[in-house]
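Q: Got a structure for you, written out below as C-alpha cells; questions coming shortly.
The values are calculated or read from the model by the stated rules, or taken from the named source; none is laboratory data. The structure displayed is predicted, hence computed values, not measured ones. As a convention, Cβ positions derive from the backbone with ideal geometry for all residues, glycine included, and neighbour counts pool all protein chains shown.
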Amino acid sequence: MKNKLISLISAFSLVFPVNIALVRTHGAYCLNQNNGELKPCAVTIDTDARTLDIKFRKKEFQDANLNLTKNDITEISTGQYAKSQVEKSVAKGLLSPLGGIISAIDKQARVQVAIVYWDDQNNQNITVIDVRSRDALLFRTDLELMTGLKIKR
C-alpha cells in the first residue's frame, strides 16, 4: 500500500509540476501615453519571466504598447493613493492633464491601478490600468506576485 502511494505521488508530480509558470492576460482599459486617454487593451502578466505587457487592441495605438520588467516597476497603487499619484504626475508634467482618468478613479464600478515605472530613457513615468471590479483582486494578486511589491491603497 505504501509503495502504491509513493508511486502515485511520484507520477502526479511528473504530470503536474509544483513550479507552474503563471501567465495570465486580463482585458482592461489602459492609458495611452500618446493621447492621454484610456483605450481597450490586453495586459499580460508573466510571473515566471517577471514581465508585464500592455498591448492596445486597435492597430492605430500599437506605438503606445508597453513592455515592463519587474525591475522597471517601482510602485503600484490603487484607489485614492492612485488618484494622488496621477495628480502628482500631471503636476510634474509626466502626464498631460487627464481629468477623465482622475474622474474615472472616483467611479466604483471599475478599479484603476497606477503603475510607476522607469522608461527606456531612464525617466520615471506612470501608467494607469482600468479593470472591472470583479477582476481586480486577481489582477492585483498577479501584479504583486510578478513584482514582489505590495499595492498601496
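Q: Do you know which residues across the stretch 2-50 are of a type in the set (Lys, Arg) and modelled with pLDDT under 55?
A: Correct list: LYS2 only.
Q: Another one. Determine which single condition THR69 fails, assuming it passes every other condition in (1) farther than 17 Å from PRO40 by Cβ; (2) at pLDDT below 95; (3) hydroxyl-bearing (Ser, Thr, Tyr).
A: (2)
Q: Moving on to the next point. Name the single residue that is surrounded by the most Cβ atoms within 10 Å (Cβ to Cβ) among those in the stretch 22-33 being aliphatic (A, V, I, L, M) and in contact with a strand residue (DSSP E or B) (Cβ under 6 Å, 6 or more places away or on another chain).
A: The selected residue is LEU31.
Q: Residue under question is ILE102, and the condition is that it be touching a helix residue (DSSP H, G or I) at 6+ places or on another chain (Cβ under 9 Å) and modelled with pLDDT under 90; does it hold?
A: yes
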